[in-house]
Amino acid sequence: MTAVADSPAPAPSAVPDARPCPGTPAVLGAGVPVPLAAGGTVDYANFDYAASAPCLEAVRDALDEALPLYASVHRGAGHLSQVSTAAYERARRTVAEYTGVGAGDALVFVRGTTDALNLLARCVPDGCTVVVFAAEHHANLLPWEHRGSRAGRVVRLPLPETPGEAVRAAREALRAAPEGPRLLCVTAASNVTGEIWPVRELAEAAHAEGARIAVDAAQYVPHRRFDLKATGADYVAYSGHKLYAPFGAGVLAGRSDWLRAAAPYLAGGGATGNVTEHDVRWNDLPARHEAGSPNVLGAVALAAACTTLREAGQERLHAREEALLRRLRAGLAAIPRVHDLSLWDGRHPRVGIVSFVVDGVPAGLLAAALSAEHGIGVRDGLFCAHPLTRHLLPEGHEQAVRASLGLGTTEEHVDRLVAAVARLAEHGPELEYRDDEGRLVPVVPAAPVAPAGV
């Protein structure tokens, strides 16, 4: 579990670049000053993109344009209602094109990845065998056995030792499943390690056994485009709030037959074609699973993010991130008592996510000190992937720290994080910390009170 850099990192420049690379889409909040517990401020170094990414400036601009025209969608004859309806469906086409959705596929707007996979769990045919790895985020681990799921049997596979073993285990589990519909569920990129899973090979294995595959791409799409046709996946789910569009919209896209045959995910207006005293006729897709007033602004934001990333050139953005990731991993690997969590070989491709522990410094304390003493935001815990994270933790550790990169990350941020971790690993926090409802906060001495009359 000790960090192994993909390749030697470039030597840090004498003065690390504190600005994003020219041409990189701008995010809101870059350069925001945050207070330090000891006094003063510093520009915030955000390493929590994997939890929620900040809003792109281009997304904000798209919303500024859409808000004055906001009205009901699919329900009104007025001009603004027609404009909003057109914007909503235009957003669907934009996101569908970005996601590689085919002519016979459906794209349903939902609240996020968790919502999307719970929807799919209610749309699989009765008795469907679902095969899922223990490495999954809870959003792709729990819906299949939750109340309302139509899955008849859930096979939870152990953590594979290699990507090849993942493909073999999936194929064997699907082959051994009873006759009937079968669905393989897998992540595209781990939210704990950032490691990229062999989706194309897993799709080929599933299809060879007559099964389908659903992909949780929540952590993949902020870093690389996911294409349904190119990967061979049958379904994909992801969230706008991780794709620089934090406005409560997400996507379930893929084959339409299971979605069309299932009862609506939610019962209500928009999902109904006709209601009488004795019967309900439900709408066809996608309205069938979009009951209630649609989140038109969330859809517009998501489409704007997709357009912005595509026009910026994602290969170039990927190369920039790879350089920052190498810099971060090489820096952490050089610090004694720091362990980088990896399921597979440390050289396996990953998106910009690194989870690590420091011997002698609990994860919660490390995260609190990075924030209070250095102006660095990270995530600590088990990252809603408890089985995987606990498996990867070295003995003596109960949680880990996760640093995730994004469009606003700079060389200065990376070097500041590495230097802060090195200092904390060697000397520990400079301040004392106390528990405040489950979160450690610094104990800051009160300022001296001047004597009366002075």
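The values are calculated or read from the model by the stated rules, or taken from the named source; none is laboratory data. Everything numeric here is computed off the predicted structure, so don't read it as measured data. Here the Cβ is made from the backbone with ideal geometry for all residues, glycine too, and neighbour counts use every protein chain on show.
A quick yes/no check of all residues on (1) of a type in the set (S, T, Y); (2) touching a strand residue (DSSP E or B) at 6+ places or on another chain (Cβ under 6 Å); (3) modelled with pLDDT of 95 or more:
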| site | (1), (2), (3) |
| --- | --- |
| A11 | no, no, no |
| A14 | no, no, no |
| G23 | no, no, no |
| P33 | no, yes, yes |
| P54 | no, yes, yes |
| R60 | no, no, yes |
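Take the residues of the range 170-218 that are assigned to a loop (DSSP other than H, G, I, E, B) and of a type in the set (D, E, K, R): which is surrounded by the most Cβ atoms within 10 Å (Cβ to Cβ)? So the residue we want is E209.
For every residue, the table says whether it meets (1) modelled with pLDDT under 95; (2) in a loop (DSSP other than H, G, I, E, B).
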| residue | (1), (2) |
| --- | --- |
| K242 | no, yes |
| F247 | yes, yes |
| A253 | no, no |
| L259 | no, no |
| G273 | yes, no |
| H278 | yes, yes |
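Picking from residues in the range 63-84 that are assigned to a helix (DSSP H, G or I) and touching a helix residue (DSSP H, G or I) at 6+ places or on another chain (Cβ under 8 Å), the one that is nearest to S239 (Cα to Cα) is L63.
Could you tell me whether the range 224-231 includes any residue that is among the aliphatic types (A, V, I, L, M), closer than 30 Å to L159 by Cα, in contact with a helix residue (DSSP H, G or I) (Cβ under 9 Å, 6 or more places away or on another chain) and at pLDDT 95 or above? Taking every residue of the range 224-231 in turn, at least one turns out to be among the aliphatic types (A, V, I, L, M), closer than 30 Å to L159 by Cα, in contact with a helix residue (DSSP H, G or I) (Cβ under 9 Å, 6 or more places away or on another chain) and at pLDDT 95 or above.
For every residue, the table says whether it meets (1) at pLDDT 95 or above; (2) surrounded by 19 or more Cβ atoms within 10 Å (Cβ to Cβ).
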residue	(1), (2)
F383	yes, yes
L388	yes, yes
A400	yes, yes
Y433	yes, no
A452	no, no
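Of G76, G29, G100, G104, all but one fail to be within 22 Å of the chain's Cα centre (by Cα), modelled with pLDDT under 95 and of a type outside the set (K, R); the exception is G29.
Does L325 fit the bill of being at negative phi, outside the structural domain of A106 (by TED's automatic domain parsing), out of contact with any strand residue (DSSP E or B) (no Cβ under 7 Å at 6 or more places or on another chain) and crowded, with 21+ Cβ neighbours inside 10 Å? Spelling it out, L325 is indeed at negative phi, outside the structural domain of A106 (by TED's automatic domain parsing), out of contact with any strand residue (DSSP E or B) (no Cβ under 7 Å at 6 or more places or on another chain) and crowded, with 21+ Cβ neighbours inside 10 Å.
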